[in-house]
Amino acid sequence: MDALFRFLVQNELSIYLILAIGVLLSARSLWKAWSEWRKSVFGLEKELSFQKIRVAGSLFILLAMVGLSQFCLVTFIVPFLPANTFRPTATADLLQTPEATRSTAEQTAQPVVQATPTGIPGCIPGQLMITSPKPGDQVQGKIIITGSVNVQSFGFYKYEYAPLGSEIWATIAAGNTIISAGELGAWETSQLVPGDYQIRLVITDNLGKPLPPCIVPVRVIAP
């Protein structure tokens, strides 16, 4: 199952392209069959045309449902799966000579973005950053969260909230599209108890490893 999820995520664009071609071809066949059915005079001709309509219509609906399932999977399910789902299983190389002198730093090296001081823990301008709301802002109702999620080996991002000082995070939403200085999503605060909160933006790379989060403190006020 993990291999299937990895395949669907890594080949998302190719899958959409194939489905789009299939939908267009089936729609064309459906239209031709419908035209033939309308022009048919004899009962046998109408029956054959109607069978073509059923086949083309069934194929069209099937491809559309597959495309919708793929979209829902990568948009709403994949971001909340355990990280090890997207971590490939290591394959042992029996011919490899052990390297006793290999440094620990080399063994644990990860494609982590370079840190740039911003005054906000974990935030890196242009790569992993919440630009709105800003630290200390007062927010109410539905707000739009903007920023950047643009790093190498990008997998997906999610943003969460928690009361200030708490480590119990609630996921607001997630996405799998690279964004540079744009809209990340919305946050509805009207049901929250007014007070101090923190927003956390987390990027997970394409191997399932979360990068250090960008955390911004805000204050929710009554509408």
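Kindly indicate which of Gln114, Gln152 is exposed (fewer than 14 other Cβ atoms within 10 Å of the Cβ), modelled with pLDDT under 90, under 16 Å from the mean Cα position of the chain (by Cα) and outside any helix (DSSP H, G or I).
The match here is Gln152.
Give the residue, chosen from Phe71, Phe80, Phe60, that is modelled with pLDDT under 70 and within 26 Å of Ser14 (Cβ to Cβ).
After applying the criteria, what remains is Phe80.
Checking the conditions here, which among Ser58, Ser29, Ser14, Ser49 is in a helix (DSSP H, G or I), surrounded by 15 or more Cβ atoms within 10 Å (Cβ to Cβ) and either within 36 Å of the chain's Cα centre (by Cα) or among the acidic types (Asp, Glu) (or both)?
Ser29
For residues that are within 16 Å of Thr171 (Cβ to Cβ) and in a loop (DSSP other than H, G, I, E, B), tally how many sit in the range 184-207.
3
Out of the range 186-223, which residues are among the small types (Gly, Ala, Ser) and either touching a helix residue (DSSP H, G or I) at 6+ places or on another chain (Cβ under 9 Å) or crowded, with 16+ Cβ neighbours inside 10 Å (or both)?
Gly208
Between residues in the range 19-48 that are of a type in the set (Val, Ile, Thr) and residues that are surrounded by 11 or more Cβ atoms within 10 Å (Cβ to Cβ), which pairs lie under 7 Å by C-beta distance while being six or more apart or on different chains?
That search, which allows pairs on different chains as well, returns Val23/Phe60; Val23/Leu63; Val23/Ala64.
Looking at this structure, is Thr131 modelled with pLDDT under 85 and not small (Gly, Ala, Ser)?
no
List every residue pair whose Cβ atoms sit under 7 Å apart, with the two residues 6 or more apart in sequence or on different chains, where the first one lies in the range 203-223 and is within 23 Å of Gln152 (Cα to Cα) and the second, anywhere, is aromatic (Phe, Trp, Tyr) and part of a strand (DSSP E or B).
What qualifies is Ile203/Phe154; Ile203/Tyr157; Thr204/Phe156; Asp205/Phe154; Asn206/Phe154.
Being farther than 30 Å from Leu211 by Cβ, out of contact with any Ser or Thr (no Cβ under 7 Å at 6 or more places or on another chain) and at pLDDT below 80 narrows it down to one residue among Leu95, Leu48; which is it?
The unique qualifying residue is Leu95.
Evaluate the following for Ser166: is it among the hydroxyl-bearing types (Ser, Thr, Tyr) and within 24 Å of Glu12 (Cα to Cα)?
no
Return a yes/no flag: does the range 130-150 have any residue that is of a type in the set (D, E, K, R) and closer than 26 Å to Glu12 by Cβ.
Checked against the condition, which is being of a type in the set (D, E, K, R) and closer than 26 Å to Glu12 by Cβ, the range 130-150 yields no hits at all.
The values are calculated or read from the model by the stated rules, or taken from the named source; none is laboratory data. Only a predicted model underlies this, so the values are computations on that prediction, with no experimental measurement involved. Glycine gets a Cβ as well: all are built from the backbone with ideal geometry, and neighbour counts include every protein chain shown.
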